[in-house]
Amino acid sequence: TASEVGMALPGCLRGRYAEDTFFRKILATPDQFPHFVYTDGLLYKKQAGTHLLCIPDVLFGSRRLREILLRHAHSIHAHLGTKKILEYLRAEVWW
């Protein structure tokens, strides 16, 4: 899980968006991406009246952050299946 690798979300994402080729473009020309907001070092996607935390494709140790989040969501939803995990993640994060 995220705690096993010493991650503290969302703080651990600050300064990491430039490592992701997609999010790097948004940071470079934010006026061209009106559906994104960069605040306090964190990037959010505006969607359906809310802001979803953007998750860059970066490594923490030897593991991808997105993989870590998928495993964490799987563990907290008591292995209830792919659909429940994806619904949970879609309500909280975006990538």
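The values are calculated or read from the model by the stated rules, or taken from the named source; none is laboratory data. Source: prediction; values computed, not measured. All Cβ positions, glycine included, derive from the backbone under ideal geometry; neighbour counts span all protein chains shown. Only protein heavy atoms, including side chains, enter the accessible area calculation; ligands, DNA and RNA are left aside. Shrake-Rupley method; radii C 1.70, N 1.55, O 1.52, S 1.80 Å.
Name the residues in the range 41-95 that are of a type in the set (Asp, Glu) and not in a loop (DSSP other than H, G, I, E, B), would you? Walk me through how you get there before you give the answer.
So in the range 41-95, the residues of a type in the set (Asp, Glu) come out as 57, 67, 87, 92.
GLU67, GLU87, GLU92, listed by residue number.
Scanning the range 75-84 for residues that are open to solvent by less than 60 Å² (accessible area, probe 1.4 Å) and either touching a Gly at 6+ places or on another chain (Cβ under 8 Å) or without any contact (Cβ under 8 Å) to a residue 24 or more places away in the chain (or both) gives HIS77, GLY81.
Going through GLU87, GLU92 one at a time, which residue ends up being under 13 Å from the mean Cα position of the chain (by Cα) and open to solvent by 70 Å² or more (accessible area, probe 1.4 Å)? So that I can check it myself, show each step before the final result.
Details: GLU87 fails: under 13 Å from the mean Cα position of the chain (by Cα).
Just one listed residue meets the conditions, GLU92.
Residue pairs whose Cβ atoms lie under 9 Å apart, sitting 6 or more positions apart in sequence or on different chains, and linking a residue in the range 26-37 that is over 19 Å from GLY15 (Cβ atoms) and in a loop (DSSP other than H, G, I, E, B) to a partner that is open to solvent by less than 80 Å² (accessible area, probe 1.4 Å) and modelled with pLDDT under 95, are HIS35/GLN47.
Checking each residue in the range 48-61 for being open to solvent by 30 Å² or more (accessible area, probe 1.4 Å) and touching a helix residue (DSSP H, G or I) at 6+ places or on another chain (Cβ under 9 Å) picks out THR50, ASP57, LEU59, PHE60, GLY61.
When residues of the range 30-55 are filtered for being among the hydroxyl-bearing types (Ser, Thr, Tyr) and within 14 Å of the chain's Cα centre (by Cα), how many remain?
Of the residues in the range 30-55, the ones among the hydroxyl-bearing types (Ser, Thr, Tyr) are 38-39, 44, 50.
Filter again for within 14 Å of the chain's Cα centre (by Cα), leaving 38, 44.
Residues meeting the conditions: 2.
When the residues of the range 62-74 are filtered to those that are surrounded by 11 or more Cβ atoms within 10 Å (Cβ to Cβ) and either of a type in the set (Asp, Glu) or more than 20 Å from GLU92 (Cα to Cα) (or both), the one that is nearest to the chain's Cα centre (by Cα) is GLU67.
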